[in-house]
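In what follows, a structure is listed as structure tokens, so that the remarks can point back to it.
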Amino acid sequence: MSSGVAGAAGVAAAAGAEGAKTAALVLVDGGADGDSLPRFQALRDAYQLVKFKVSLRGAVRGEYAGKFGVASHRWENPAVPDASGEQLKKIQAHLRENPAIEYYWYDYWCMPQAAFDDAKDPKTGELVREKREDRSPAELAEFETMLKHVNALYLGMQVLLICLLYTSDAA
């Protein structure tokens, strides 16, 4: 891992056989401090995903402790969770302080996300972000399954709680 880089990966739970969830690993080795990382689909399309099995049983048994980390955070705005790059800075610092963590889960990187387009508000003329549902039916199903099982990640992995104050414009 190079200095100042989030040299880890993300884990996303999806339906799997026999109670295990298939997880996508997002390799996140690159970029400077403060850069915001792309959404799940961009990382997937760049072939930075690997499948991994995650189970509630494994979480309870501590099989992911130490090696895996997960972020609990608030989105800065509905389109991009970390437009300022401040959350990524916190994650990078956490990874430097916890070098045993090899894989890192952050929802925007690890779950299929809807797209947002720039548009003008017809009443105010201000630039706004409009949601455009570009996820395939398979991606939507995967997202819903992940959402149902995401709490197992918080149970079995090292959790970083990111608490940042945002102005009303950013939230």
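The values are calculated or read from the model by the stated rules, or taken from the named source; none is laboratory data. Please read all numbers here as calculations on a predicted model, not as lab measurements. Cβ: placed from backbone, ideal geometry, glycine included. Neighbour counts: every protein chain shown. The area values use the complete protein model at the heavy-atom level, side chains included, leaving out ligands, DNA and RNA. Shrake-Rupley method; radii C 1.70, N 1.55, O 1.52, S 1.80 Å.
Observations on the structure shown:
- Test: residue in the range 100-121 that is acidic (Asp, Glu) and closer than 22 Å to Glu63 by Cα: yes
- Of the strands (runs of 3 or more DSSP E) contained entirely in the range 46-126, those carrying at least 1 residues that are modelled with pLDDT of 90 or more and closer than 18 Å to Leu164 by Cβ fall at 68-72.
- Residues of the range 122-141 that are more than 25 Å from His73 (Cβ to Cβ) and either open to solvent by less than 50 Å² (accessible area, probe 1.4 Å) or hydrophobic (A, V, I, L, M, F, W, C) (or both): Gly125, Ser136, Ala138.
- Some residue of the range 53-61 being open to solvent by less than 30 Å² (accessible area, probe 1.4 Å), under 15 Å from the mean Cα position of the chain (by Cα) and farther than 21 Å from Glu139 by Cα: no
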